[in-house]
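**Q** First, the structure itself, so that you have it in front of you.
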Amino acid sequence: MTGTEPRVATRAQAGTTTPSSTPSPQRARRRRGIGDVLRSRWVLVPVVFVVMMLLWQFIATKVVSTELLLPTPQRVWESMWTALTQGPYWGRASVYYHFYQTAKICIVGFLVGSSLGILLGVLMAQSKVLMTALGPYITAFQSLPRIAIAPIVVLWFGQGFTSNVVITATVVFLPVLVSTLSGLSTVDRGLLEMLRGFSASRWQTLRKVSLWAALPSIFAGLQVGIVFSVVGAIVAEWVGANEGLGVLLLQAQYSMDVPRSFAILVLLGVLGLVLNGLIVALQKAVLFWQRDESTKKEQRMFST
Amino acid sequence: MRTLPWATRRRTAAVAAISALCLTGAVACGGSAGDSGSTGDNGDLATLRLQNCVSVLQVAVAPLFIGDQLGFFAEEGIAKVEVANSSGSTAQCVQLTAAGQADFTSPVPDLLLNSLGQGVDPGVKCVYNLIRRPTAAFMVDPDSGIDSFADLAGAKVGVHALNSAYIPLFEAALREYGVDPGTVEYQVTGYGAQVIDALQTKKVDVALYWDYEAAGYPAMGYNPKILELPDKINNLFSSCIAFNKDYVTENPDLVAGYLRALTKTLIFADENPEAAVRLFWKAAPETKPTGMSEEEALDQAVAVLESRLANVLPSDDDPDPRFGAWASAQQWVDYAAFLGLPEDLDVASLYTTEFIDAANDIDGDEVRAFAKSYEVED
């Protein structure tokens, strides 16, 4: 073959001791062994699920022995299946309708609470005066149990969607605020000094470096916040609502239908998983460099 | 993997932010439509807002709002009654009504009298004696060996909330039997199955609940013993229909009209409780009991409704047998004395009898005939 072979620097010429970054065909990736397969999500999650169901069945039938306290998984499944497949599929008699109402409160409450959390976090990170002035009050406010302030919120805003969103937003607010502050306070000093050297304004520094650097931390807060939004929505519905999974849960308790109560709890768990999944997907789309870094890390792991 | 250019990163972040804002706006707009609105007109008909003092709708309160389906409300210029639930606290529902977030509610008189006793105007006025007898159902386990209040010194007491309106009644009953109320200990025992478990496992010795709550337990296979109340308590009355004070002043015709419709609905429910239950389920389908047959659900619901109606409907023994009437003005004074409040308390500011005649201006026989032949459409 004619042509010049690519010049490969020897270790001496490169002055480094790092191995070649291009794996040779002979150095194939390490094969995934049975251990890797067993440790994968696709195996572990179903296994844990089966173990939990078996444990639940054992406790319900051998330890507790009364449906009043703990129905069996089968009874819960039957109740859920009935609720999901028995029409109507919309309206106050439909579990889908109530699921939608709760999801609506979660999403809007989350957006309001997280927006305020991020905004205030950015402002407080930029101003020591603001941080010193507001910090203790925010901590004190967040220490108040939501179940205690919820009736006051209903009194101020009236019963309905608005008060439900406000209650949910108060639950979401602090985790997002704290994660925003944390992220903004741990930006690489070297980068900040470099920008200072280039006479970048405070706004330019924030927009071009700080916010992007803080995003991983902010998203961590958002993941916590979205799960808390389900808690907030249920508290809101318990204090005063006519619709939503929280109302169905109370109704099931009143009717002494314990399997249905558990079925609704399962649906609440599903709601939390779905909402969390949305945030994780958004995180992967926005924080694409984390994806790049994990791919490079995988490549380094499997090349020798 | 190749690195995305800055322009693409900015676009991604911008799209995410704008989508979030649009979603918030769209959902908030859709959600706001569901907000309980203020009393407004439905054409020429008014909509009233009822603040339910319990956290879920129960069939026992059905007569307060199913009148629209029977045509009783339309006859009085009312389109419908919108019901909002509260956290189970009477105090909250009175506050919400006084603040104008609801037009009327059904509080127990203890709260109103105690507020007045502390110099606080509760902001609502009772216009109709809805529940004429105490609804208290103080339950003990049938195997507990507890026969009366005299056996409850040092007892653990279960309540649905630590500010339960039944606590003052309970403590008064203890005093009647020579037991110091300071020796008992209260704990929250929820509802339904939780209460049954608490009684059966001796987590509590007595549970302070109400008529229709206790009426639902036999269907679950549990028959609690209900302690007999002392005469002093049996002579008291219970919940009234209380409107926001300003609402009474500004809309007396609507108040009178609603009370007339309510009286008709109570008579209807007495004559045809099955139809009343089915109408309630149509208005609030999520309340229909699940996990049982339609027949079982209907039987259970009728039992609950009838247990409440027994304390609502006037009897020939009542000093004033008109619907919504109190025995006399002295009954309010006696209630205040029962709560240990000053004798000179202006209890008359808490209620009015000006609507009782209007509420009874109906043809009861005609309503009963209508109820007998009424069939609920699917």
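**Q** Among the residues of segment A:140-169, count how many are within 20 Å of residue A:116 (Cα to Cα) and of a type in the set (A, V, I, L, M).
**A** Of the residues in segment A:140-169, 9 are within 20 Å of residue A:116 (Cα to Cα) and of a type in the set (A, V, I, L, M).
**Q** Of B:167, B:146, which residue is touching a residue at least 40 places away in the same chain (Cβ under 8 Å), β-branched (Val, Ile, Thr) and out of contact with any strand residue (DSSP E or B) (no Cβ under 6 Å at 6 or more places or on another chain)?
**A** Values: B:146 fails: out of contact with any strand residue (DSSP E or B) (no Cβ under 6 Å at 6 or more places or on another chain).
Going through B:167, B:146 in turn, the sole match is B:167.
**Q** Continuing with this model, one more query. So which pairs qualify, if the first residue must be in segment B:93-105 and more than 10 Å from chain A (Cβ to nearest Cβ), the second must be charged (D, E, K, R) and in a loop (DSSP other than H, G, I, E, B), the Cβ gap must be under 9 Å, and the two must be at least 6 apart or on different chains?
**A** Sorted first by the residue in segment B:93-105, then by its partner, the pairs are B:97/B:103.
**Q** Can I ask one more? Given the conditions (1) more than 30 Å from residue B:220 (Cβ to Cβ); (2) modelled with pLDDT of 90 or more, and given that residue A:299 satisfies all but one, which numbered condition is not satisfied?
**A** The single condition residue A:299 does not satisfy is (2).
**Q** Let me ask something additional. Listed residues B:226, B:233; which is closer than 26 Å to residue B:112 by Cα and touching a strand residue (DSSP E or B) at 6+ places or on another chain (Cβ under 8 Å)? Spell out the reasoning first.
**A** Values: B:226 fails: closer than 26 Å to residue B:112 by Cα.
Sole residue among the options that is closer than 26 Å to residue B:112 by Cα and touching a strand residue (DSSP E or B) at 6+ places or on another chain (Cβ under 8 Å): B:233.
**Q** Out of segment A:59-75, which residues are more than 11 Å from chain B (Cβ to nearest Cβ) and touching a helix residue (DSSP H, G or I) at 6+ places or on another chain (Cβ under 7 Å)?
**A** Matches in segment A:59-75: A:72, A:73.
**Q** Let me confirm something: among A:232, A:244, A:225, which residue is more than 9 Å from chain B (Cβ to nearest Cβ), surrounded by 24 or more Cβ atoms within 10 Å (Cβ to Cβ), at pLDDT 90 or above and over 20 Å from the mean Cα position of the chain (by Cα)?
**A** Details: A:232 fails: over 20 Å from the mean Cα position of the chain (by Cα); A:225 fails: over 20 Å from the mean Cα position of the chain (by Cα).
A:244 is the lone residue from the list that is more than 9 Å from chain B (Cβ to nearest Cβ), surrounded by 24 or more Cβ atoms within 10 Å (Cβ to Cβ), at pLDDT 90 or above and over 20 Å from the mean Cα position of the chain (by Cα).
**Q** Where residues in segment A:239-294 are polar (S, T, N, Q) and in a helix (DSSP H, G or I), which of them is nearest to residue B:288 (Cα to Cα)? Spell out how you get there, then give the answer.
**A** Step one: of segment A:239-294, the residues polar (S, T, N, Q) are A:242, A:251, A:253, A:255, A:261, A:276, A:283, A:290, A:294.
Remaining after also requiring in a helix (DSSP H, G or I): A:251, A:253, A:261, A:276, A:283, A:290, A:294.
Working: A:251: 9, A:253: 12, A:261: 14, A:276: 32, A:283: 42, A:290: 50, A:294: 52 Å.
Result: A:251.
**Q** So which helices (runs of 4 or more DSSP H) are wholly in segment B:212-300 and hold at least 3 residues that are surrounded by 20 or more Cβ atoms within 10 Å (Cβ to Cβ)?
**A** B:252-271, B:273-283
Conditions (1) away from chain A (no Cβ under 14 Å); (2) more than 30 Å from residue B:140 (Cβ to Cβ), marked per residue:
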site	(1), (2)
B:200	no, no
B:207	yes, no
B:213	no, no
B:228	yes, no
B:241	yes, yes
B:258	yes, yes
B:267	yes, yes
B:272	yes, yes
B:281	no, yes
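The values are calculated or read from the model by the stated rules, or taken from the named source; none is laboratory data. This structure is a prediction, so every number in the text was calculated from the model and none was measured. Cβ coordinates were reconstructed from backbone atoms using ideal geometry, including for glycine residues, and neighbour counts include every protein chain displayed.
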